[in-house]
Amino acid sequence: MKETAVQWLVEKLNQCEPFYSGIVSQEHKQYIDGIIEQALEMEAKQKKLDLTNITRLEVINHASNGHPIGRILTMYKETEDFTIVDAEFQDGHRTLKIFIS
């Protein structure tokens, strides 16, 4: 799996042992942990899909899995099947969840 920027940062900090773990100041530890948390949040936003222009949502099955082959779901924004569509990756980018409302 490709290393992310945050994983790289944490690895570099871990290579600074014992300096990193030996930081005595709680303020400095919190500062570094805050930087890592901000980097994680930035990374999550960059992975987010831009779905602002979506007006039709379709799910199409091309797998041989016992479910009907072809289009299994179609929804239109114009007919108010949905007003908002959002999606996010979960489980280490192994799951794509689509949320409609």
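The values are calculated or read from the model by the stated rules, or taken from the named source; none is laboratory data. Small disclaimer: the values here were computed from a predicted structure and weren't measured. Don't worry about glycine lacking a Cβ; one is built from the backbone with ideal geometry, like all the others, and counts go over all protein chains shown. The accessibility values were calculated without ligands, DNA or RNA, using every heavy atom of the protein model including side chains. Shrake-Rupley method; radii C 1.70, N 1.55, O 1.52, S 1.80 Å.
Taken over the stretch 55-101, the criterion of being in contact with a strand residue (DSSP E or B) (Cβ under 7 Å, 6 or more places away or on another chain), touching a residue at least 40 places away in the same chain (Cβ under 8 Å) and not aliphatic (A, V, I, L, M) is satisfied by Glu88, Phe89. Of the residues making up the stretch 54-61, one or more are of a type in the set (Asp, Glu) and in a strand (DSSP E or B). The residues in the stretch 61-101 that are open to solvent by 90 Å² or more (accessible area, probe 1.4 Å), within 25 Å of the chain's Cα centre (by Cα) and among the β-branched types (Val, Ile, Thr) can be counted, and the count is 1.
For the stretch 40-49, indicate whether the set of residues that are out of contact with any helix residue (DSSP H, G or I) (no Cβ under 9 Å at 6 or more places or on another chain), surrounded by fewer than 10 Cβ atoms within 10 Å (Cβ to Cβ), over 18 Å from Thr4 (Cβ atoms) and free of Cβ contacts under 8 Å to residues at least 40 places away in the same chain is non-empty. Among the residues of the stretch 40-49, not one is out of contact with any helix residue (DSSP H, G or I) (no Cβ under 9 Å at 6 or more places or on another chain), surrounded by fewer than 10 Cβ atoms within 10 Å (Cβ to Cβ), over 18 Å from Thr4 (Cβ atoms) and free of Cβ contacts under 8 Å to residues at least 40 places away in the same chain, which makes the answer no.
Sort through Glu27, Glu58 and tell me the only one that's modelled with pLDDT under 80 and either surrounded by fewer than 10 Cβ atoms within 10 Å (Cβ to Cβ) or of a type in the set (Asp, Glu) (or both). Going through Glu27, Glu58 in turn, the sole match is Glu27.
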